[in-house]
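Below: the structure, in structure tokens.
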Amino acid sequence: MTIIIDPQGSGIAGNMLIGAFVDLGANADKLKEVMEKSAEDFGGVEVTFEKINKHGLESTFCHVEMLEHKHSIAYPEFIEKIDSLDLDENVKETSIKVFERIAKAESKVHGKDLETIHFHEVGASDAVADVIGSIYAYYSLNLDKQNVIGLPIAVGGGTVKTDHGILAIPVPAVLEIVKDAKILGGPVESELATPTGCAIYMEICDEIKDFIPQIKPKNMGYGAGRKDFDHPNVLRIIESDDICESDKIDVIETNIDHLTGEEIGYLFNKLLDAGASDVSITPIIMKKNRQGSLLKVVSRKEHRDELVKTIFSETGSLGIRITPNIHRGIAKREFEKKTVEINGKEYEVTFKIGYINGEVISKRPEYEDLRKIAEDSGLALRKVKELIK
């Protein structure tokens, strides 16, 4: 599945993300509870959700009202408070990463280090609720397991009044946060992209594109902004079925030139036992014309550390290359069991079926089932394969 975050029309803010997530199915009552509880120590908030029509477009508005405006807070103290919240570790860890993005941007803009930087607007209770609410909704919808694509951000224009005085839009902190994204001015003279919204966007987007890729739209969520313009002030999130499915993998590599064939074979099996999705060994020519092998391991994130540890331990390698979070296109797979008769005896064979766009592209019997039949029947493996096609 692919998720498209589309801030091209009216920018992005934390409450707009939350509204769009609720529109996609996140539990509003649970979000209200989590947001209000998390913001208690920062001044408190009251959260309400309502369906609202923004210039002809039905959307969900998340209203976050501050109950008390506390003074600015130093970044280390702020993070300590966030870290002490009773939240799922994934939610807490990702929320802290969002705040770290903002703090690093603020520190660069103001020429201070992270230990001395103070949060003003971002340390307020409504910003805390926005970040934690957005990240909680993101995980509740299992979007961390999907490919999230961000489109260019409309940042607005003109000036805005802040604790640092009148600043041009986009404000310096926003520019720092979105340095690796794509932005466009307008379409109105108003601030459309907030530091909070941009930092969440940058944290949860896996890639940034100019246009929507080839997808099959499935569900749409619309999160309303606070302001009213001559166009729908909403953030759009599109949930889609891919033409082919995708998941995230890590690729781990190292060069080997000192192991025997037996030792490489042992390592191969050891890595599969440690959780590798695939292992390959490729003959290569290394520097000084030495013959060697390229070890390449495909891994899911949760197995990465154990696999790296295994490679270091078994090979004595001094360096391992890791390419994290690569998106791998995969066909939809199903498994089907079928009973076949060979030489008067019935065997059960599992077939792996691959689909693209609903069309069968492959249907193959599993090797282990073929091997067992060959051993039991005394037939050659290739003969068994021919008989059950």
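The values are calculated or read from the model by the stated rules, or taken from the named source; none is laboratory data. Here the structure is a predicted model, which is why all the values come from computation and not from measurement. Positions of Cβ are backbone-derived with ideal geometry, glycine not excepted, and every protein chain shown enters the neighbour counts. The protein model used for the area step is the full one, side chains on, heavy atoms only, and it has no ligands, DNA or RNA in it. Shrake-Rupley method; radii C 1.70, N 1.55, O 1.52, S 1.80 Å.
Number of residues in region 176-207 that are closer than 19 Å to residue 144 by Cα, buried (at least 17 other Cβ atoms within 10 Å of the Cβ) and out of contact with any helix residue (DSSP H, G or I) (no Cβ under 9 Å at 6 or more places or on another chain) equals 1. A residue that is modelled with pLDDT of 90 or more, within 16 Å of the chain's Cα centre (by Cα), farther than 30 Å from residue 215 by Cα and basic (Lys, Arg) can be found somewhere in region 77-94.
Taking the criterion of being open to solvent by less than 60 Å² (accessible area, probe 1.4 Å) and under 24 Å from residue 63 (Cα atoms), would at least one residue in region 208-220 satisfy it? No, there is no match, as no residue in region 208-220 is open to solvent by less than 60 Å² (accessible area, probe 1.4 Å) and under 24 Å from residue 63 (Cα atoms). Within region 305-339, the set of residues being at pLDDT 90 or above, surrounded by 14 or more Cβ atoms within 10 Å (Cβ to Cβ) and closer than 30 Å to residue 355 by Cβ comprises 307 only. For region 290-310, the set of residues classified as free of Cβ contacts under 8 Å to residues at least 24 places away in the same chain and under 14 Å from residue 254 (Cβ atoms) consists of 309 only. Among the conditions (1) open to solvent by 60 Å² or more (accessible area, probe 1.4 Å); (2) out of contact with any Lys or Arg (no Cβ under 6 Å at 6 or more places or on another chain), the only one that residue 171 does not satisfy is (1).
Would you say residue 278 is out of contact with any helix residue (DSSP H, G or I) (no Cβ under 7 Å at 6 or more places or on another chain), open to solvent by less than 50 Å² (accessible area, probe 1.4 Å) and at pLDDT 90 or above? No, not satisfied.
Out of all the residues in region 235-254, is one or more open to solvent by 30 Å² or more (accessible area, probe 1.4 Å) and free of Cβ contacts under 8 Å to residues at least 60 places away in the same chain? No, there is no match, as no residue in region 235-254 is open to solvent by 30 Å² or more (accessible area, probe 1.4 Å) and free of Cβ contacts under 8 Å to residues at least 60 places away in the same chain. Per this entry, residue 54 is not counted among residues that are open to solvent by 90 Å² or more (accessible area, probe 1.4 Å) and at pLDDT 95 or above.
Give region 9-30 a look and list any residue that's open to solvent by 30 Å² or more (accessible area, probe 1.4 Å) and either among the hydroxyl-bearing types (Ser, Thr, Tyr) or in contact with a Lys or Arg (Cβ under 6 Å, 6 or more places away or on another chain) (or both), or say none. Within region 9-30, none qualify.
Within region 119-159, restricting attention to residues that are assigned to a strand (DSSP E or B) and in contact with a Leu (Cβ under 7 Å, 6 or more places away or on another chain), which residue is most open to solvent (accessible area, probe 1.4 Å)? Residue satisfying both the conditions and the ranking: 159.
Listed here are the residues, each with its yes/no results for (1) open to solvent by less than 30 Å² (accessible area, probe 1.4 Å); (2) within 26 Å of residue 222 (Cα to Cα); (3) part of a helix (DSSP H, G or I).
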site: 32; (1), (2), (3): no, yes, yes
site: 41; (1), (2), (3): no, no, yes
site: 49; (1), (2), (3): no, yes, no
site: 61; (1), (2), (3): yes, yes, no
site: 76; (1), (2), (3): no, no, yes
site: 100; (1), (2), (3): no, no, yes
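List pairs: first residue in region 160-173 and part of a strand (DSSP E or B), second residue among the charged types (D, E, K, R) and open to solvent by 30 Å² or more (accessible area, probe 1.4 Å) anywhere in the structure, Cβ distance under 6 angstrom, at least six positions apart or on different chains. Filtered contacts from region 160-173: 160/191.
For every residue, the table says whether it meets (1) without any contact (Cβ under 8 Å) to a residue 40 or more places away in the chain; (2) within 21 Å of the chain's Cα centre (by Cα).
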position: 182; (1), (2): yes, yes
position: 204; (1), (2): no, yes
position: 208; (1), (2): no, yes
position: 224; (1), (2): no, no
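With respect to (1) more than 23 Å from residue 210 (Cβ to Cβ); (2) among the β-branched types (Val, Ile, Thr); (3) at pLDDT 95 or above, the lone exception for residue 178 is condition (1).
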